[in-house]
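Quick notes on the structure that follows.
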């Protein structure tokens, strides 16, 4: 070997030794392009399967470890459940590899007596107010879609079902639900329960989570997970696993059995410069710096002149989609590259597919419906789970779309937050949106999303918020005010200019319904 070649090999070896000995250098914020795939975390409601879609990213889930207090696996996860995915994220934040998936329930406990409020779309579960929105997935124990009316009927018959709730906790303890699962028909004294929330009004024996009393006086030593040396105190976020027991007239969560535990939890999305994709709600702050709810607590999101802001007007209580990177070492400060503010889900279309999907769009009732990586796809009709999406749909399939209008109400695209293939009634359609006041000329009608809804018939039933039956059209029009949202069920669609929704033919057993509804974010 020549002396020159020997020198080159020695020099290369020296570089290798020096490189291995050097600490990792953080190049974030220095204008250095990040790698195509980097460590990352995504958190939000599960939108679909085959891969595994969370927060707009489609994850490969080949050898994924599932973390869940009930021991469930990937095949047990339902759309709408909240999950935190750790692994890698690509530079577009649209794909990645999942190393672990953590199922993030907020509450597993009994619905309260008289706990359903149909007028404002809420449930009381275990001392917490659960806010249901049009995209909330609500399933019974057999996995069949149900709604608040079904739950209310059950409670009216003196049952108190045990419910599992996923969603985002707000500062006041309210949970904005993305998923509600019916675990069992009726709870009894001694049933296992779980809840997550902030410690309030603590003393030596008990504390409160929302309005629920938790007794921790006799918790086993092994059940004290991540407690501070001084013990529990107010404002800590805890995850409680115990059982429910009645103390006089008050239901108390007790934690004195072997295996019961109270774990102090905190947010840790990863290390500095990890990519982050989140779907949750703004708690406080402005678009430049705001607090956002995530499983186990709160993250702070900051933006600057390079951040892309889009969607609805920014504000507290609104749902946002955040992409960015962690910029400090505590795992809960995100520098956003983009923030999208979702509009209220006040639009619904239900009807047959009229044109085969093209790209990310599909047509029904003459309107273009646009989907994206955040759209939740479900198939309660056909039972397809893995890979169900626009490509699974056929002409004539009946779908229900929940979302919002992008642009003009009468002509803009409908952006789908959720799309379900359903067992609908052939020839019957449904719509929902902001309604005009009742018109009398040329015929009694009202306008919703550019559809002319004909009310010049007796084959129509009218309802106020909460499903309260109204006597007739005049009573309905007396309740209807500017900006209210109306849902139309069992209509018949006529393609015209403008398009029309009429009631079924006289003598049809199925009557058209018009209901004033409340829409939660």
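Taking strands (runs of 3 or more DSSP E) as the structural unit, no element lying wholly within segment 53-159 holds at least 3 residues that are free of Cβ contacts under 8 Å to residues at least 12 places away in the same chain, at positive phi and surrounded by fewer than 22 Cβ atoms within 10 Å (Cβ to Cβ). Within segment 199-213, the set of residues being surrounded by 12 or more Cβ atoms within 10 Å (Cβ to Cβ), in contact with a strand residue (DSSP E or B) (Cβ under 6 Å, 6 or more places away or on another chain) and closer than 15 Å to residue 235 by Cβ comprises 199, 200, 207, 208, 209, 210.
Take residue 355 and tell me if it is closer than 23 Å to residue 427 by Cα, surrounded by 22 or more Cβ atoms within 10 Å (Cβ to Cβ) and either more than 18 Å from the chain's Cα centre (by Cα) or in the same structural domain as residue 497 (by TED's automatic domain parsing) (or both). No, not satisfied.
Consider segment 192-234 and keep the residues that are in a loop (DSSP other than H, G, I, E, B) and touching a residue at least 60 places away in the same chain (Cβ under 8 Å). The one that is nearest to the chain's Cα centre (by Cα) is 210. Considering only residues in segment 440-470 that are without any contact (Cβ under 8 Å) to a residue 24 or more places away in the chain and in contact with a strand residue (DSSP E or B) (Cβ under 8 Å, 6 or more places away or on another chain), the one that is farthest from residue 153 (Cα to Cα) turns out to be 443. Residues of segment 305-317 include none that is surrounded by 20 or more Cβ atoms within 10 Å (Cβ to Cβ) and modelled with pLDDT of 95 or more.
Residue 251 passes every criterion in (1) assigned to a strand (DSSP E or B); (2) modelled with pLDDT of 95 or more apart from (2). Only residues that are more than 30 Å from residue 432 (Cα to Cα) and either in a strand (DSSP E or B) or touching a strand residue (DSSP E or B) at 6+ places or on another chain (Cβ under 6 Å) (or both) were counted across segment 316-337, and they come to 11. Annotation: of all residues in segment 398-439 being at pLDDT below 95 and in contact with a helix residue (DSSP H, G or I) (Cβ under 9 Å, 6 or more places away or on another chain), the one that is nearest to residue 492 (Cα to Cα) is 438.
Applying the criterion of being over 14 Å from the mean Cα position of the chain (by Cα) and part of a loop (DSSP other than H, G, I, E, B) to the residues of segment 162-173, the residue that is surrounded by the fewest Cβ atoms within 10 Å (Cβ to Cβ) is 172. Restricting the search to segment 283-315, which residues are under 26 Å from residue 177 (Cα atoms) and out of contact with any strand residue (DSSP E or B) (no Cβ under 8 Å at 6 or more places or on another chain)? 286, the sole residue that qualifies. If I go through segment 469-502 residue by residue, how many of them are over 33 Å from the mean Cα position of the chain (by Cα) and under 15 Å from residue 432 (Cα atoms)? Count: 1.
Which of the residues spanning segment 346-378 are touching a residue at least 12 places away in the same chain (Cβ under 8 Å) and part of a loop (DSSP other than H, G, I, E, B)? Across segment 346-378, the qualifying residues are 346, 353, 354, 360, 365, 366, 371, 372, 373, 374, 375. Screening segment 379-460 for strands (runs of 3 or more DSSP E) wholly inside it with 1 or more residues that are farther than 18 Å from residue 503 by Cβ returns the ranges 398-406, 413-421, 429-434.
The values are calculated or read from the model by the stated rules, or taken from the named source; none is laboratory data. Bear in mind that the values here come from a model prediction, so they are computed numbers and not experimental data. Positions of Cβ are generated from backbone atoms using ideal geometry, with glycine treated the same way; all protein chains shown enter the neighbour counts.
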